[in-house]
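S.K.: Attaching a single structure in structure tokens format; questions to follow.
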2 protein chains.
Amino acid sequence: FLKLIKGNVVSFTSTAMKSGGTQLKLIMTFQNYGQALFKPMKQTREQETPPDFFYFSDFERHNAEIAAFHLDKILDFRRVPPVAGRLVNMTKEIRDVTRDKKLWRTFFISPANNVCFYGECSYYCSTEHALCGKPDQIEGSLAAFLPDLALAKRKTWRNPWRRSYHKRKKAEWEVDPDYCEEVKQTPPYDSGTRLLDIMDMTVFDFLMGNMDRHHYETFEKFGNETFIIHLDNGRGFGKHSHDEMSILVPLTQCCRVRKSTHLRLQLLAKEEYKLSMLMAESLVRDRLSPILIQPHLDAMDRRLRQVLNVLSECIEKEGYSYVVEDDLQGHQGTDHAHTGPRRR
Amino acid sequence: FLKLIKGNVVSFTSTAMKSGGTQLKLIMTFQNYGQALFKPMKQTREQETPPDFFYFSDFERHNAEIAAFHLDKILDFRRVPPVAGRLVNMTKEIRDVTRDKKLWRTFFISPANNVCFYGECSYYCSTEHALCGKPDQIEGSLAAFLPDLALAKRKTWRNPWRRSYHKRKKAEWEVDPDYCEEVKQTPPYDSGTRLLDIMDMTVFDFLMGNMDRHHYETFEKFGNETFIIHLDNGRGFGKHSHDEMSILVPLTQCCRVRKSTHLRLQLLAKEEYKLSMLMAESLVRDRLSPILIQPHLDAMDRRLRQVLNVLSECIEKEGYSYVVEDDLQGHQGTDHAHTGPRRR
């Protein structure tokens, strides 16, 4: 897939708006019938989310989608479907190939003679928030589609640590320090590895500053004995100058982590395998490189130390064997866990 | 009036949203029953209007309202009612004194713990475009109200060189080079000084880059033998790096100007009376100084030269006596015209 979209040889045969979701996304269909989800660039890489913005009105960032894929891979979770950056010709690859009249109608030429469009959606789909090319080239992220829902049904789960999505209301987990005890007694978190999955996702989201993890998905086929899919990461990497500690609350409240995750985080804190360095190395291969400005990379190192501090405190308080779940039994040594597939 | 709002001693006894208009404005009432129109700050002084923005979706700028008042004074037009900058306490001077429930309801505390509100209007009145204080102080412009409409009725006139307010459509003046001939034959432009007033307004708008002069007003009492009022200048000073030549079209098409205006423009082009310098000197007295960043001041000098070039070409083509209307007869020498009241 990555080769396909990186190649830029194969172009799109059709384009349509994706319904649902608050911000504009396009479904791009390739000549070989493959499909990908396109999120156009809305912000420059230097722009930070304004301090007075709520997480639910923040823009979705195409570079966050790309960076999240690389981060997930470096954390060895492998729970984000492939995402790559791509320059798209808005005229030839969107306007001329769409059969979506509503989308087509929103194209216009800007005063600076660039091609722009805004589509239809519930937020930011208006002339004032139009997406404009230079003159018709626009950056975007392309995310591989998961297998068709007809072949592989998915289940959507509400994140127990979901935010209120309200300006004033607080969520239960924000006011109840013992909230995790409640979650632990509730299926599917009362058995299996789901709670540990949530802890992994918490670390993943904290490292990129993503406050918008309201739901997550699993493949239905595997029931509750399955991994979770980290879809929709566009609201990560909004601020590099601020670490949103509330994202870590599931970890601070539950004090649980997989051994493989703990070891990996410790590894990425070492100078030789520094997270920011591995991320930079990985991201440089994307077409739209640089994907993240240095302050975002530095922020990840800083946040990683904070995650490890939280885990140290947990271990001190609750004991190593309570906090760290050994998921490496049956694997040959710890090395394997860092390179091979994960036990979910 | 300026002393009143500058003094900051007198505070507001009530606040209400102004209906009409696309962007949020507030009517502030003083203890002495005086009223002023408040436009809150929406952009930093450094932000330029993005190149892909249309003039009709541009933000209204509080500092443009202030700067326009000073510019109009320096041009010796005196057709903009007084405007001054002011720091307003959003809690005490807006939220606590408004009887407007719809306005009151839109107040909230932002994630950065600042007081914000967004009001009700057709553009930019939503959480995403909220106006936020620090923590509850917000900058804004306060414009003196003209005499009550019951005492002094006003007439609203469509600007003959109004833009189309449409992404694709062009206005007649944009496609017809002889458009001015048509205007000149149409009342009230066929007699009196109205056409010359429009030329003055054209210069005024071009100097500040204001493309949004769709209407203008006059006091009804004086019939057609009156001056025009330069209200609503918030869309000036959007770009300093671009000179929008289309704003000058009325002047290039009509090739007419008052002698007093012509002399004043020539004076302001001289090194000793340089427009940017006089503007800077005048603006420094505003509470919210600096009102304009240097690039905007420099842009005005550059544009002034362009206006004078257009007039030179006109004179070369049509002759001095056709282009320059002597409005100084009856005055004692030209000096008077630069310091005393203008003949309308």
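S.K.: List the chymotrypsin sites (Phe, Trp or Tyr not before Pro) within region B:150-228 that fall in a DSSP loop (any state other than H, G, I, E or B) and whose Cβ has at most 14 other Cβ atoms within 10 Å. Each step should come with its number before you reach the end.
M.R.: On the way: sites: B:157, B:161, B:165, B:173, B:179, B:189, B:204, B:206, B:216, B:219, B:222, B:227; in loops: B:161, B:165, B:189, B:227.
Loop-located and lightly packed - B:165.
S.K.: Kindly put B:240, B:215 in sequence by how many other C-beta atoms sit within 10 Å of each C-beta, fewest to most. Provide the component values of the computation, followed by the final result.
M.R.: Details: B:240 19, B:215 12.
Listed from fewest to most nearby Cβ atoms, that is B:215, B:240.
S.K.: Another one. Given Cβ point charges of +1 (Lys, Arg) and -1 (Asp, Glu) and nothing else, what value in debye, to the nearest 20, does the dipole of the protein assembly as shown about its Cα centre take?
M.R.: Numbers: 100 positive and 92 negative charges, 221 e Å.
Magnitude of the dipole: close to 1060 debye.
S.K.: For residue B:322 and residue B:149, what is the calculated FRET efficiency with R₀ set at 25 Å and r taken between the beta-carbons, to the nearest 0.05? Spell out each step's value before the answer.
M.R.: On the way: r = 39 Å, r/R0 = 1.57.
Approximately 0.05, to the nearest 0.05.
S.K.: Which residues' amide hydrogens lie under 5 Å from the amide hydrogen of residue B:325, considering only partners 5 or more residues apart or on another chain, with H built in the peptide plane?
M.R.: B:257, B:258, B:259
S.K.: For region B:180-271, report the convex hull volume of the alpha-carbon atoms normalised per residue, in Å³, without decimals.
M.R.: 112 Å³
S.K.: Give the lysines reachable from residue A:221 as a straight Cα distance under 17 Å; neighbours fewer than 8 places away on the same chain don't count.
M.R.: A:153, A:155
S.K.: Only counting other Cβ atoms within 10 Å, I'd like A:151, A:146 sorted with the fewest neighbours first. The partial results should precede the final answer.
M.R.: Numbers: A:151 8, A:146 15.
Least to most surrounded, the residues fall as A:151, A:146.
S.K.: Follow-up. Taking R0 as 45 Å, what FRET efficiency do you get between residue B:181 and residue B:289 from their Cβ-Cβ distance, rounded to the nearest 0.05?
M.R.: Step by step, r from the Cβ atoms, then E = 0.50.
S.K.: On the first, second and third principal axes, largest extent first, how far apart are the outermost C-alpha atoms of region A:154-338 in Å?
M.R.: 48, 43, 38
S.K.: For the protein assembly as shown, give me the percentage of DSSP beta bridges that are antiparallel, rounded to the nearest 5 percent.
M.R.: The answer is about 90 percent antiparallel.
S.K.: Here's something else I'd like to know. Would you mind getting the Kirkwood hydrodynamic radius of region A:117-167 from its Cα pairs, rounded to one decimal in Å? Present the calculation step by step, with values, prior to reporting the outcome.
M.R.: Working: mean 1/r = 0.0653 Å⁻¹.
About 15.3 Å, per the Kirkwood formula over Cα pairs.
S.K.: Convert each backbone phi in region B:101-114 into a coupling constant with the Karplus relation 6.51 cos²θ - 1.76 cosθ + 1.60 (shift: θ = phi - 60°), then list the ³J(HN,Hα) values in order as whole Hz, x for Gly and Pro.
M.R.: 4, 4, 5, 4, 5, 8, 6, 7, 9, 7, x, 8, 6, 9
S.K.: Right, here's the next one. Using just the C-alpha positions of region A:88-189 as equal point scatterers, what log10 of I(q)/I(0) does the Debye formula give at each q in 0.10 1/Å?
M.R.: Rounded to two decimals, the profile gives -0.57.
S.K.: Then there is this: Could you work out, residue by residue across B:291-304, how many beta carbons of other chains sit within 10 Å of that residue's beta carbon, and then give the average as an integer? Display every interim value, and only then the final one.
M.R.: Values: counts 0, 0, 0, 0, 0, 0, 0, 0, 0, 0, 0, 0, 0, 0.
Rounded to a whole number, the mean comes out at 0.
S.K.: Write out the chymotrypsin sites (Phe, Trp or Tyr not before Pro) in region A:15-114 meeting two conditions: DSSP loop, and at most 11 other Cβ atoms within 10 Å of their Cβ.
M.R.: Answer in residue order: A:33.
S.K.: Quick query: amide H of residue A:211 versus all other amide H atoms, modeled in the peptide plane; which residues come in under 5 Å with a sequence gap of 5 or more or a different chain?
M.R.: HN-HN under 5 Å from residue A:211: empty list.
S.K.: Now for a different question. Over 21 Å between Cα atoms, which of A:39/A:134; B:18/B:92; B:239/B:317; B:25/B:92; B:39/B:101; B:169/B:239 qualify?
M.R.: Flagged as over cut-off: B:239/B:317; B:169/B:239.
S.K.: What is the magnitude of the charge dipole of region A:108-172 about its Cα centre, with +1 placed on the Cβ of each Lys and Arg, -1 on the Cβ of each Asp and Glu, and no other charges, expressed in debye to the nearest 20? Kindly include the intermediate steps, with their values, before the conclusion.
M.R.: On the way: 11 positive and 6 negative charges, 170 e Å.
In total the dipole reaches around 820 debye.
S.K.: In peptide B:41-53, how many Cβ atoms from other protein chains are near each Cβ within 10 Å, on average?
M.R.: 3
S.K.: Moving on. Test of understanding: express the Cα radius of gyration of region B:2-144 as a ratio to 2.2 N^0.38 Å, with N the residue count.
M.R.: Numbers: Rg = 15.1 Å, N = 143, 2.2 N^0.38 = 14.5 Å.
Cα-based Rg divided by the globular estimate yields 1.04.
S.K.: Once phi is turned into θ = phi - 60°, what whole-Hz ³J(HN,Hα) does the Karplus curve with 6.51, -1.76 and 1.60 give for every residue of region A:45-59, x standing for Gly and Pro?
M.R.: 5, 8, 5, 9, 4, x, x, 8, 7, 7, 4, 8, 10, 4, 5
S.K.: Okay, next question. Given C-alpha coordinates of the protein assembly as shown, what is the ratio Rg to Rh with the Kirkwood estimate of Rh? Could you put the intermediate results ahead of the total?
M.R.: Details: Rg = 30.8 Å, Rh = 29.1 Å.
Computed over Cα atoms, the ratio is 1.06.
S.K.: Would you mind ranking A:257, A:183 by Cβ crowding within 10 Å, fewest neighbours first?
M.R.: By the 10 Å Cβ count, ascending: A:183, A:257.
S.K.: Given H placed on each backbone N at 1.01 Å, which residues far from residue B:42 in sequence or on other chains put an amide H within less than 5 Å of it?
M.R.: Here B:62 satisfy the definition.
S.K.: Quick one: if you stick a label point 7 Å off each Cα along the C-beta vector at residue A:246 and residue B:120, how many nm between them?
M.R.: About 2.9 nm separates the two model spin labels.
S.K.: Over all distinct alpha-carbon pairs, what is the Kirkwood Rh of region B:232-309 in angstrom?
M.R.: Every distinct Cα pair counted, the radius reaches 13.8 Å.
S.K.: Return the ratio Rg/(2.2 N^0.38 Å) for chain A, where Rg is computed over Cα atoms only. Before the final figure, lay out the partial values.
M.R.: Working: Rg = 20.6 Å, N = 344, 2.2 N^0.38 = 20.2 Å.
That works out to 1.02 for chain A.
S.K.: Could you tell me which of A:277, A:150, A:238 has its Cα farthest along the dipole of chain A towards the positive end, charges placed at Cβ (Lys, Arg +1; Asp, Glu -1), taken about the Cα centre?
M.R.: Among A:277, A:150, A:238, the one farthest towards the positive end of the dipole of chain A is A:150.
S.K.: Which whole-number percent gives the relative contact order of chain B, counting Cα pairs below 8 Å spaced six or more residues apart?
M.R.: Numbers: 573 pairs, mean separation 65.3, N = 344.
Computed over chain B, the figure is 19 percent.
S.K.: Take every DSSP beta bridge whose two residues both sit in region B:154-338, then give the antiparallel share in percent to the nearest 5.
M.R.: Details: 6 of 8 bridges.
Once the DSSP bridges in region B:154-338 are tallied, antiparallel ones form about 75 percent.
Every number in this text was worked out from the coordinates using simple rules, so none of it is lab data. Keep in mind that this is a model prediction, so the values were computed, not measured. Every residue, glycine as well, gets a Cβ built from its backbone with ideal geometry; the counts of neighbours run over all protein chains shown.
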